[in-house]
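*Asks:* What follows is a structure written as structure tokens; I'll ask about it next.
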Amino acid sequence: MSGSRALYEQVILDHNKNPRNFKVIEDADRKIEGFNPLCGDHFTVFLKLDGTTISDIGIQGAGCAIAKSSASIMSSILKGKSVDEAKELFDRFHAMVTSAPDAPLDEAALGKLAVFSGVREYPIRIKCATLAWHALLAALQGENQQVSTE
Amino acid sequence: MATVHTPSMEPATVRRAFDVERVRRDFPILEVRHGGRPIVYLDNAATTQKPRHVIETIQRYYTRENANIHRGVHYLSQVATDHYERAREQIARFLGATVGCEIVFTRGATEGINLIAQTYGRKFIGPGDEILISHMEHHSNIVPWQMLCEEKGSKLRVVPITDDGELDMDAFGRLLNARTKIVSIGHVSNALGTVNPVRAIIDAAHAAGAIAVVDGAQSAPHMPVNIHAMGCDFFVCSGHKMYGPTGIGVLYGKVEHLEKMPPYQGGGDMVLSVTFEKTTFNILPHKYEAGTPHIEGVIGLGATVDYLNDIGMDAIAEYEQNLTRHGTQLLEEIPGLRLIGTARDKAGILSFTLDGVHPHDIGQLLDEDGVAIRVGHHCAQPVMQRFGVPATARASLAFYNTKEELDTLAAGIRRVQKVFA
């Protein structure tokens, strides 16, 4: 596979079609919306915290396949992680999608997130892949305003 | 010019039938291949490709004719000035305006509307006055008026559109009233393709005592335009959307308005005499062209209308209509595809959404087939809101596109559906 077909890995298409944890958490401890004004994509991240551990996560919103699957995959790996671990994952993911297309991938450290390495070929799609993650980071930092990619 | 298209055996006065393969050879960029495939360029509402004649004219200007205009006594300056002013005449004739004084060069349609708002608008619009636009306008025909209304305490009113993307003319009639001072309407919608009944709108505006502004950014490249027959007070268009250079646009204004309006910018070339006590502004149209203009752009745009005249705007419009019908039919056959904008009178713009697939993903996968379309809100967010979609995919046509290219588009869309099935 090459080009866009490589961008749309089967895992991405699957999460786009059957997104995980797409639910509202009524009694969420943190709730924040990420918005990309350029394309109108928006995802709200709901977090339930047990001390410093993420005990539950919910996602609501709409966007392209990259944004939606990224939100879904993010939600699927965060449950049970500590706030610090989640922040570290954000850094690792962000560094990966913004790295050069031919930079080596630390697949062991990235795990499932490595499927988004194709995004590096398409700089315009980086904001799609990171939209929900930016909302997550803001929620972890205790902010309560909408975050925008712009 | 005739030599570009007419073989020496044939008299130049005989216009031949439109031949798409022949015109395609005039556009060098259509030879570019990407990933082993020819590029199917269907993003013409964003910008159009440039014929060789335009590219060569600009190259000749820089290699043989470059000098500043309107000020030199030397040979090159005279040549550059002659070509610049001849281009103004060619463009005036092309758009059906009076040669000379009615054509002002701008950076594009956007600057044209801003110029009208900042000069005519600031002088003649006051508190309580109303400016009437439509729900299908490009942001460039919304924001300059909002800024003016904000400053003057006047009111922006919006004519609604129907589910087909046509202007609601009954509502237009109700919204137009004695307080309406400006009616500003797009000739062709960039997001929907709707061709608006500008003649009827202009007549109604005049009957109500308002002036009429027509945004011709999407009409001038695709159909014959005759401003005097249309009767509008102002008309704007962009060079790069009509196969000409970027950074150059045309503002037409009735002389009676251009005479009364204050200048847009001050500087060189727009003055007759300057002392620290008093400055006398230049005559039309130079009063509105401060500083050294986009000489290359103007001369290139002159070459563009020369080229378009040689093919004939009637022939271009007829060919594009056939192409639009073919494309519409192909897209309508695709299950799960929703066309946004189905007006009876429509230009070559095919905006659509696909069930279950975001427009950005459509555009990304079509790029893989070499098909270039635009995805997003097309600088017309109110249109997206009206149709309840965040964005659309948009294929926009030009006379160098072919039915086979539209077949490639349709096949590409079906492949996108398979990937996302």
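The values are calculated or read from the model by the stated rules, or taken from the named source; none is laboratory data. Since we're looking at a predicted model, the values are computed, not measured. Here the Cβ is made from the backbone with ideal geometry for all residues, glycine too, and neighbour counts use every protein chain on show. Only protein heavy atoms, including side chains, enter the accessible area calculation; ligands, DNA and RNA are left aside. Shrake-Rupley method; radii C 1.70, N 1.55, O 1.52, S 1.80 Å.
*Asks:* Relative contact order for segment A:26-150: what percent, with Cα pairs under 8 Å and sequence separation of 6 or more?
*Replies:* Numbers: 207 pairs, mean separation 43.6, N = 125.
Relative contact order comes out at 35 percent.
*Asks:* Report the net charge of residues surrounding B:Tyr62, where surrounding means a beta-carbon distance below 13 angstrom and charges are Lys +1, Arg +1, Asp -1, Glu -1. Don't skip to the answer; put the middle values down first.
*Replies:* Working: positive: B:Arg60, B:Arg64; negative: B:Glu56, B:Glu65, B:Glu296.
Residues near B:Tyr62 contribute -1 overall.
*Asks:* While we're on this one: With a cut-off of 17 Å, note down the residues of segment B:347-382 whose backbone N falls inside the zone around a label point 7 Å from the Cα of A:Gln146 toward its beta carbon.
*Replies:* Counting backbone N atoms under 17 Å from the label point, the list is B:377, B:381-382.
*Asks:* Please check: in the Gaussian network model of chain B (C-alpha springs, under 10 Å), which one of B:Gly173, B:Gly348, B:Gly247 has the largest mean-square fluctuation.
*Replies:* Sorting by GNM fluctuation, first place goes to B:Gly173.
*Asks:* Another question, then. For the A and B pair, go ahead and give the buried accessible area with a 1.4 Å probe, both sides summed, in Å² to 100.
*Replies:* On the way: alone 7440 and 17870 Å², together 23920 Å².
Chain pair A/B: roughly 1400 Å² of buried accessible area.
*Asks:* Under a point-charge model restricted to the Cβ atoms of Lys and Arg (+1) and Asp and Glu (-1), what is the dipole moment magnitude of segment A:3-142 relative to its Cα centre, in debye to the nearest 20?
*Replies:* Roughly 340 debye, rounded to the nearest 20.
*Asks:* Shape verdict for chain A, please, from the Cα gyration tensor: rounded (a/c under 1.5), prolate (a/b greater than b/c) or oblate. Before the final figure, lay out each step's value.
*Replies:* Details: a/c = 1.68, a/b = 1.44, b/c = 1.16.
Here chain A falls in the prolate category.
*Asks:* Under a 5 Å amide H to amide H cut-off, with H placed in plane at 1.01 Å, what residues pair with B:Val225 once short-range neighbours are removed?
*Replies:* Answer set, sorted by chain and number: none.
*Asks:* Using protein chains only (no ligands, no nucleic acids) and a 1.4 Å probe, work out which residues of segment B:367-412 have their accessible area cut by at least 20 Å² relative to the chain alone.
*Replies:* In segment B:367-412, residues shielded by partner chains: B:Glu368, B:His377, B:Pro390.
*Asks:* Taking only protein heavy atoms into account and a 1.4 Å probe, give the accessible area per residue of segment A:3-142 in Å².
*Replies:* Values: 5840 Å² over 140 residues.
Value returned for segment A:3-142: 42 Å² of accessible area per residue.
*Asks:* Based on alpha-carbon centroids, what's the gap between segment B:177-254 and segment B:50-69 in Å, whole number please?
*Replies:* 29
*Asks:* Same structure again: Among B:Gln146, B:His240, B:Gly72, flag the residue with its Cα farthest along the positive direction of the charge dipole of segment B:59-309, charges on Cβ as +1 for Lys/Arg and -1 for Asp/Glu.
*Replies:* B:Gly72
*Asks:* Something else about it: Report, by chain and number, residues whose modeled amide H sits under 5 Å from the one on B:Tyr243, excluding near sequence neighbours (fewer than 5 apart, same chain).
*Replies:* Here B:Thr48 satisfy the definition.
*Asks:* For the protein assembly as shown, give the magnitude of the charge dipole about the Cα centre (Cβ charges: +1 Lys/Arg, -1 Asp/Glu; no others), in debye to the nearest 20.
*Replies:* The calculation lands at about 240 debye.
*Asks:* Provide a list, ordered by number, of residues in segment B:346-364 showing at least 50 Å² less accessible area with every protein chain present than when their chain is taken on its own, using a 1.4 Å probe.
*Replies:* Flagged in segment B:346-364: B:His358, B:His360, B:Asp361, B:Gln364.
*Asks:* Now, a different point. Let a ≥ b ≥ c be the square roots of the eigenvalues of the Cα gyration tensor of segment B:190-286; is it rounded (a/c under 1.5), or, if not, prolate (a/b larger than b/c) or oblate?
*Replies:* In terms of gyration-tensor shape, oblate.
*Asks:* Skip the ligands, DNA and RNA, and give the accessible area per residue of chain B with a 1.4 Å probe, whole Å².
*Replies:* On the way: 17150 Å² over 421 residues.
The answer is 41 Å² per residue.
*Asks:* While we're looking at this one, here's another question. Provide the convex hull volume over Cα atoms per residue for segment B:59-309, in Å³.
*Replies:* Spread over its residues, the Cα hull of segment B:59-309 gives 119 Å³ apiece.
*Asks:* Go through segment B:312-326 residue by residue and turn each phi into a ³J(HN,Hα) via Karplus (6.51, -1.76, 1.60, θ = phi - 60°); whole Hz please, and just put x for glycine and proline.
*Replies:* Rounded to whole hertz, the list is x, 5, 4, 5, 4, 4, 5, 5, 5, 5, 4, 4, 4, 4, 4.
*Asks:* Report, in deg cm²/dmol and to the nearest 500, the calculated mean residue ellipticity at 222 nm for chain B, where each DSSP H run with n ≥ 4 adds -39500 (n - 2.57) and the sum is divided by the residue count. All intermediate terms of the calculation are to be shown ahead of the outcome.
*Replies:* On the way: 15 runs with 155 residues, N = 421.
Counting only the DSSP helices, I get -11000 deg cm²/dmol.
*Asks:* For the protein assembly as shown, what is the convex hull volume of its Cα atoms per residue in Å³?
*Replies:* In the protein assembly as shown, the Cα convex hull volume per residue is 194 Å³.
*Asks:* Another question, if that's okay. Specify the inter-centroid distance of segment A:75-143 and segment A:12-56, based on alpha-carbon positions, in whole Å.
*Replies:* 14
*Asks:* Round to the nearest 0.05 the FRET efficiency obtained for B:Arg199 and B:Asp407 when R0 = 30 Å and r is the Cβ-Cβ distance. Don't jump to the answer; show the numbers that get you there.
*Replies:* Working: r = 36 Å, r/R0 = 1.19.
Calculated value: 0.25.
*Asks:* Among B:Met223, B:Met384, what's the order by accessible area (1.4 angstrom probe), most exposed first? Write out the running numbers ahead of the final one.
*Replies:* On the way: B:Met223 35, B:Met384 5 Å².
Listed by decreasing accessible area, they come as B:Met223, B:Met384.
*Asks:* Taking θ = phi - 60°, what integer Hz values does the Karplus form 6.51 cos²θ - 1.76 cosθ + 1.60 yield along segment B:155-166, in sequence order, with x for Gly and Pro?
*Replies:* My calculation for segment B:155-166 gives 10, 8, 10, 10, 6, x, 10, 7, 5, 7, x, 9 Hz in order.
*Asks:* Which of A:Ala67, A:Ala103, A:Ala129 moves most in a GNM of chain A, Cα contacts under 10 Å?
*Replies:* The residue with the greatest mean-square fluctuation here is A:Ala103.
*Asks:* Cut-off under 29 Å on the C-alpha distance; same-chain residues fewer than 8 positions from A:Lys81 excluded. Which lysines are left, in chain and number order?
*Replies:* A:Lys17, A:Lys23, A:Lys31, A:Lys48, A:Lys68, A:Lys112, A:Lys127
*Asks:* Here is a follow-up. Is chain B rounded, prolate or oblate when judged by the Cα gyration tensor, a ≥ b ≥ c being the square roots of its eigenvalues, rounded requiring a/c under 1.5 and prolate requiring a/b larger than b/c?
*Replies:* Oblate, since a/c reaches 1.5 and b/c is not below a/b.
*Asks:* Pull out the extension gain between B:Arg415 and B:Thr292, defined as 0.36 nm times the separation in residues minus the alpha carbon to alpha carbon distance; nm, one decimal.
*Replies:* That works out to 39.2 nm of additional length.
*Asks:* Right, here's the next one. Name the residues of segment A:119-150, by number, that are at least 10 Å² less accessible with every protein chain in place than in the isolated chain; the surface is that of heavy atoms, probe 1.4 Å, without ligands or nucleic acids.
*Replies:* Hits at the 10 Å² cut-off: A:Tyr122, A:Arg125.
*Asks:* Which far-off residues, 5 or more places away or on another chain, put their amide H under 5 Å from the one on B:Asp129, with H placed in the peptide plane?
*Replies:* B:Lys155
*Asks:* Also, quick follow-up: Taking all protein chains in place and a 1.4 Å probe, what share, in percent, of the accessible surface of the protein assembly as shown do carbon and sulfur account for?
*Replies:* The computed percentage sits at 51.
*Asks:* Sticking with this one: Run the reach check for B:Lys346 against lysines, Cα to Cα strictly under 18 Å, same-chain hits fewer than 8 apart removed. What comes back?
*Replies:* B:Lys241, B:Lys403
*Asks:* Would you list, by chain and number, the lysines whose Cα falls below 27 Å from the Cα of B:Lys152, excluding same-chain residues fewer than 8 positions away?
*Replies:* Excluding near neighbours in sequence, the set is B:Lys123, B:Lys181, B:Lys254, B:Lys260, B:Lys287.
*Asks:* Separate question: Distance in nm between label sites at A:Asp84 and B:Arg93, each 7 Å beyond Cα in the beta-carbon direction?
*Replies:* Distance between the two pseudo-spin positions: 7.9 nm.
*Asks:* Another question, if that's okay. Between B:His74 and A:Ala103, what FRET efficiency comes out of the Förster formula 1/(1 + (r/R0)^6) with R0 = 51 Å and r the beta carbon distance, rounded to 0.05?
*Replies:* For A:Ala103 and B:His74, the calculated efficiency is 0.35.
*Asks:* Between B:Gln321 and A:Ala6, what is the label-to-label distance in nm when each label sits 7 Å out along the Cα-to-Cβ direction?
*Replies:* 4.7
*Asks:* Further question on the same structure: Go through segment B:115-128 residue by residue and turn each phi into a ³J(HN,Hα) via Karplus (6.51, -1.76, 1.60, θ = phi - 60°); whole Hz please, and just put x for glycine and proline.
*Replies:* 4, 4, 5, 7, 10, 4, x, 5, 7, 10, 9, x, x, x
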